[in-house]
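Notes follow the structure.
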Amino acid sequence: MKKTFTKVVKSVSKARPLLAHVHYTNERMELTDTHVAIIEDLKTPLENSFDILINLEGVPSVAHYPELKRLVPTDNTNWFVIDVPILEAIAKINKKEQFLKLESDGTIGGQKVGEFEQLDGFEYIAFDPKYVLWLLEYAKESGQKEHITIELSDSAVMPAVVHFEQPETLNTFVITPIRLRDDQI
């Protein structure tokens, strides 16, 4: 199991014990803690159908897991190419801060972290540094060590998405933003 999976599952609130599992089917593997979601779709689904939850101790259970695919935005029109090492350095330096705010000029706190490949109405978005570090860790686990493209809405409250293609899977990482108060904008 990827290290990022363990972090996400361990962070699940005790009020939502169902989410403290990895959901496996013959088509995908998925997990969430409500702040991030990771979905790994198999390019070739397995023949035998199954649907099971497994916790970190390896104990299976059968329960209805939320349909995470419906949470993945499909209409994000802003594509931002992130320089992974630079964003990682900024996120680590600011990991105790409440949020990292990405501006439309491609900066966080005045530091350039990438370039917009496509920009349409985007102003800013803010994320918890912890979840940014999880995204970057997952990117590295998926072989993306230099650059990743994050798909953003023009709304600062809509989730952002990163897709990773692997030899056997199509992976999706969804990260929810932090809503900023007027005095934080």
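The values are calculated or read from the model by the stated rules, or taken from the named source; none is laboratory data. Remember, predicted model here, so these are calculated numbers, not experimental data. For neighbour counting, all protein chains shown are included, and Cβ atoms are generated from backbone atoms with ideal geometry for every residue, glycine included. With ligands, DNA and RNA removed, areas are computed over all heavy atoms of the protein, side chains included. Shrake-Rupley method; radii C 1.70, N 1.55, O 1.52, S 1.80 Å.
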Mind checking which aspartates and glutamates have their C-alpha under 13 Å from Lys14, skipping anything on the same chain fewer than 8 residues away?
-> Asp33
Residue-averaged [θ]222 nm for the chain, counting only DSSP H segments that reach four residues, each worth -39500 (n - 2.57) | -5000 deg cm²/dmol
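What size of dipole, in debye to the nearest 20, comes out for the chain about its Cα centre when the only charges are +1 on Lys and Arg C-beta atoms and -1 on Asp and Glu C-beta atoms?
I would put it at about 900 debye.
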Quick one: Cα convex hull volume of region 1-150, Å³ per residue?
-> 136
Please state, to two decimals, what the Cα-based radius of gyration of region 126-170 comes to when divided by 2.2 N^0.38 Å (N = residues).
-> 1.24
Would you mind checking region 1-32 for residues with the amide N under 11 Å from a putative spin-label position 7 Å along Cα→C-beta of Ala63?
-> 14-22
For every other residue with a beta carbon closer than 15 angstrom to the beta carbon of Leu136, add +1 if it is Lys or Arg and -1 if Asp or Glu, then tell me the sum.
-> +2
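With the cut-off at 20 Å, tell me which of the pairs Lys69/Lys92; Lys92/Lys112; Lys92/Lys140; Lys43/Lys69; Lys69/Lys112 have Cα atoms farther apart than that.
Correct reply: Lys69/Lys92; Lys69/Lys112.
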Taking the Cα-to-Cβ direction at Val157 and at Asp183 and moving 7 Å from each Cα, how far apart do the two end points lie in nm?
-> 2.0
Which of the helices in the chain, when you take each full DSSP H run, stretch at least 15 Å along the axis at their Cα atoms and have an average Kyte-Doolittle score of -0.5 or higher?
-> 129-141
Ignoring ligands, DNA and RNA, what percent of the accessible area of region 37-185 is carbon or sulfur (1.4 Å)?
-> 51
